[in-house]
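A.B. asks: Here it is: the structure, laid out below.
The values are calculated or read from the model by the stated rules, or taken from the named source; none is laboratory data. Quick caveat: nothing in here was measured; it's all calculated off a predicted structure. Counting neighbours? That spans all protein chains shown, and the Cβs are built from the backbone with ideal geometry, glycine included. Note: accessible area is taken over every heavy atom of the protein model, side chains too, but ligands, DNA and RNA are not part of it. Shrake-Rupley method; radii C 1.70, N 1.55, O 1.52, S 1.80 Å.
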Amino acid sequence: MDDGSTDNTKEVVDGFIAQKPFFEIKYVYQPNQGKHVAKNNAVKLCDTEFFITLDSDGVCIPETIETFLQVWETIPDDEKPQFYGVSCRDCDEDGNIIGTPMPWDTIDCNDLDFKLKYGIKGDLWGMVRTDVMRQYLAPETPGLKYYPESIMWNKIGKKYKSRYFNKGMLTYIKDR
């Protein structure tokens, strides 16, 4: 979902599509309305089980989707309804995890416990069940260009948890 880019985003995405990746890429342009509206519209159009948001200031490692799915499959089937998805760590441009190190390889909890109970700070990223995302769409108030994502994640955390794993899969690029 392109939220009003004025650069060559469409051409870059068309180049990805031309490479015929193992997954389908759909490109949709909308005039700038804010990230929260773009995400709402993308979630409404999504026809897959999972949803991943990748912002323009992030670069993921090539095996990201495969790794997300592998971690998801480690959750017992009867427990999966309790989970919104899987979450990994973000890295800086030097490959360092952003925030407090996790003392475990994985942990299952909600976002509030991750930060408040366990005291782990830092950026997170992940793969989310599309049906869960549809339950927590951001309000689309005319003129509102920003809606804090933490509000959505706190609401999701009251009902669902994530399997957090201690690997940096996304590199945050400054000044992008």
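A.B. asks: Limited to region 131-176, what total is found for residues that are touching an Asp or Glu at 6+ places or on another chain (Cβ under 9 Å), open to solvent by 70 Å² or more (accessible area, probe 1.4 Å) and assigned to a loop (DSSP other than H, G, I, E, B)?
C.D. replies: Residues flagged as touching an Asp or Glu at 6+ places or on another chain (Cβ under 9 Å), open to solvent by 70 Å² or more (accessible area, probe 1.4 Å) and assigned to a loop (DSSP other than H, G, I, E, B) within region 131-176 amount to 3.
A.B. asks: Test each condition in (1) of a type outside the set (Asp, Glu); (2) crowded, with 18+ Cβ neighbours inside 10 Å; (3) modelled with pLDDT of 95 or more for CYS109 and report the one that comes out false.
C.D. replies: The single condition CYS109 does not satisfy is (2).
A.B. asks: Identify the single condition in (1) farther than 27 Å from ASP108 by Cβ; (2) touching a residue at least 24 places away in the same chain (Cβ under 8 Å); (3) part of a loop (DSSP other than H, G, I, E, B); (4) not aromatic (Phe, Trp, Tyr) that LYS20 does not satisfy, given that it satisfies every other one.
C.D. replies: All conditions pass for LYS20, except number (2).
A.B. asks: Before we move on, is VAL37 in contact with a Leu (Cβ under 8 Å, 6 or more places away or on another chain) and either open to solvent by less than 60 Å² (accessible area, probe 1.4 Å) or at pLDDT 95 or above (or both)? Spell out how you get there, then give the answer.
C.D. replies: Working: in contact with a Leu (Cβ under 8 Å, 6 or more places away or on another chain): no; either open to solvent by less than 60 Å² (accessible area, probe 1.4 Å) or at pLDDT 95 or above (or both): yes.
No.
A.B. asks: I would also like to ask the following. Which residue out of TRP125, TRP153 is closer than 18 Å to ILE52 by Cα, in contact with a strand residue (DSSP E or B) (Cβ under 8 Å, 6 or more places away or on another chain) and not acidic (Asp, Glu)? Steps first, answer last, please.
C.D. replies: Working: TRP153 fails: in contact with a strand residue (DSSP E or B) (Cβ under 8 Å, 6 or more places away or on another chain).
That would be TRP125, the only listed residue that is closer than 18 Å to ILE52 by Cα, in contact with a strand residue (DSSP E or B) (Cβ under 8 Å, 6 or more places away or on another chain) and not acidic (Asp, Glu).
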